[in-house]
Amino acid sequence: MANPFENAKTQLAKAGKVRGFGKKELDVLMKINAIHEKELHVTLAGKETKLTAFRVQHNNARGPFKGGIRFHPDVNLDEVKALAFWMSMKCAVVNIPLGGGKGGVVVDAKNLSPKEYEDISRAYIKSMADHIGPDMDILAPDVYTNPQVMAWMLDEYEKIKGIKAPGVITGKPLAVGGSKTRDYSTAQGGVFVLKQAIDLFDMPPFNTKIVIQGFGNAGLHAARLLHRIGYKIIAVSDSKAAVYNEKGLDVPKLIIHKNSTGSVRGFPGKEISNEELLILDAHVLIPAALENMITKDNAGKIKAKIILELANGPVTPEADEILFKNDIFVIPDILANAGGVAVSYFEWVQNRTGYYWEEDDILEKLGILMFKAFKDVYEASKRYSIDMRTAAFIVGTSRILEAERFKGNL
Ligand code: GLU
């Protein structure tokens, strides 16, 4: 299995080559500011259990560290380092004044009771409280964490510190200082950039066939939003199954099915494998699950013209080369899924000013920000005749390096 941190280094090296970065620039960009590794003591299924927890703080030249926390059995330090690094790039690509961080707990969250979920969330904050804060490092949801988890974490932080500090964490429920649209903003940001890409390709909007891998927060809302504007979602998958209907799935019913049964399994349509799903004949493929899904082994078989990476790190560097050769337009994660952290930034601003915005205001601000980010990256890809990922790295790294230069670190 490809190591995500090695992948991240390869991606950076590629951009560095185009821009002629020396060792000094590469060292500054790769430098991890701090790694916090802790042991959480919780009771799971009646047994005293120790869980490993991480918080990695990559770069804060442009603002406080920012990034989510995932609960997953495969979480490991190199993965969290890569995810923190991608957060720094992502925030710079969409030009928000935040750095990059990421956290994780090594745990299979699928069978946790609500009480166990809460205990892990609180234990995480107890172990990390001195390393985080609204001006230091701001947390958020990621794989298998959600607004309720954010609310427990905020409550624990505020109890420990004895203050109100809603800006320490984003993706909260509205009732405790969350922002309108944050629940679907990752998908919404993706839809904004996808529309720009579709315009470039002259694809007929009403016949655009879309495949989505992953039906968590990002994948589900992407299906909902794209279906609503007339695109055809022909297949979706989750960790248990994949369903396909050439004529288009009934997305509203599919969402009800997923919410009531916990899976897309059993929804009317043809059940296919995950491998078959990725290589279906579609216009757009949206990986919205985990890293390393599109590799050198399946990249050559992909028929989609556009890949919109709502997941972090779904395409390996070797697969990138193949996709580029095959003229497949990859909208990279650090642009495609940046709508999530962009609205997290808006949430943090609202928390700090104590003034809360309406849904339309946020959508307008998000649209402007994503439009500009897509334009910056697309123009860089044309200027240097490179793929969109390398172009996004060029845009992101030049902003980080500019800040580092002003701070005297270069
Ligand atoms: N976990 C999300 C991501 O990977 C959101 C991070 C945030 O809002 O800080 O971008």
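Look at the alpha carbon pairs under 8 Å that are at least 6 residues apart: their mean separation over the length of the range 258-410 gives a relative contact order of 15 percent. Annotation: aspartates and glutamates with alpha-carbon distance below 15 angstrom to Lys270 (same-chain offsets under eight excluded): Asp238, Glu246, Asp250, Asp281.
With a 1.4 Å probe and all protein chains left in place, how much of the accessible area of the range 263-358 comes from carbon and sulfur atoms, in whole percent? Summing carbon and sulfur atoms, their accessible area is 53 percent of the total for the range 263-358. Each DSSP beta bridge with both residues in the chain is either parallel or antiparallel, and the antiparallel ones are about 50%. Considering every alpha-carbon pair of the chain, the percent of pairs per 10 Å bin, from zero through the bin containing the longest distance, is 5, 24, 34, 27, 10, 1. Pairs spanning more than 27 Å between alpha-carbon atoms, out of Lys325/Lys365; Lys209/Lys325; Lys66/Lys365; Lys126/Lys172; Lys164/Lys258: Lys325/Lys365; Lys164/Lys258.
Note on the range 30-80: Cα-Cα pairs beyond 13 Å make up 66% of the total pair count.
For the Cα trace of the range 333-410, dividing Rg by the Kirkwood Rh returns an Rg/Rh value of 1.06. Each residue was assigned an accessible area with a 1.4 Å probe, and for Thr353 the value is about 90 Å². Normalising the average separation of contacting C-alpha pairs (under 8 angstrom, six or more residues apart) by the number of residues puts the relative contact order of the range 131-184 at 38 percent. Bridging of Lys180 to aspartates and glutamates at a Cα separation below 16 Å is possible for Glu347, Glu358, Glu359, Asp360, Asp361, Glu364, once same-chain residues fewer than 8 apart are set aside.
Each residue of the range 187-200 was assigned a 3J(HN,Hα) from its phi angle through the Karplus expression (A = 6.51, B = -1.76, C = 1.60, θ = phi - 60°), giving 5, 4, x, x, 5, 4, 6, 4, 4, 5, 5, 4, 4, 5 Hz with x at Gly and Pro. Between Gly22, Gly340, Gly266, the Gaussian network model of the chain with springs among Cα atoms under 10 angstrom shows the greatest mean-square fluctuation at Gly22. Pairwise Cα distances in the range 183-267 exceed 19 Å in 33 percent of cases. Summed over the residues of the chain and divided among them, the accessible surface reaches 41 Å² per residue at a probe radius of 1.4 Å. What the Cβ-Cβ distance of Asp130 and Val349 gives, at R0 = 22 Å and to the nearest 0.05, is a FRET efficiency of 0.35.
Note on the chain: GNM, Cα springs under 10 Å; of Val343, Val176, Val80, the largest mean-square fluctuation is that of Val176. Pairwise Cα distances in the range 75-135 exceed 17 Å for 55 percent of all pairs.
Divide the volume of the convex hull around the Cα atoms of the range 46-154 by the residue count and you get 94 Å³ per residue. For the range 223-365, the equivalent ellipsoid derived from the alpha-carbon gyration tensor has semi-axes of 29, 22, 13 Å in decreasing order.
Starting from a Cα-only point model with no solvent, please compute log10 I(q)/I(0) by Debye for the range 114-155 at q = 0.14, 0.16 1/Å. Values returned for q = 0.14, 0.16 Å⁻¹ are -0.29, -0.38. Distance between the 7 Å Cα→Cβ label points at Phe201 and Asp297: 2.6 nm. Stretching the chain fully between Tyr356 and Glu321 yields a gain of 8.2 nm (0.36 nm per residue, less the alpha carbon separation). The fraction of all Cα pairs in the range 1-112 landing in successive 5 Å bins from 0 to the largest distance is 2, 12, 19, 21, 17, 12, 8, 5, 3, 1, 0, 0, given as whole percents.
Apolar share of the accessible surface for the range 132-228: 57 percent from carbon plus sulfur atoms, 1.4 Å probe.
Spin-label model, Glu158 to Phe406: label points 7 Å out along the Cα-to-beta-carbon direction sit 3.3 nm apart.
Using C-alpha pairs below 8 Å separated by at least 6 residues, the relative contact order for the range 222-262 is 32 percent. In the elastic network of the chain, a GNM with C-alpha springs shorter than 10 Å, the most mobile of Lys14, Lys47, Lys372 is Lys47.
The values are calculated or read from the model by the stated rules, or taken from the named source; none is laboratory data. Keep in mind the model is a prediction, meaning the values are calculated, not measured. Cβ sites come from the backbone with ideal geometry, for glycine too, and all protein chains shown count toward neighbours. Surface accessibility is based on the protein's heavy atoms, side chains included, excluding ligands, DNA and RNA. Shrake-Rupley method; radii C 1.70, N 1.55, O 1.52, S 1.80 Å.
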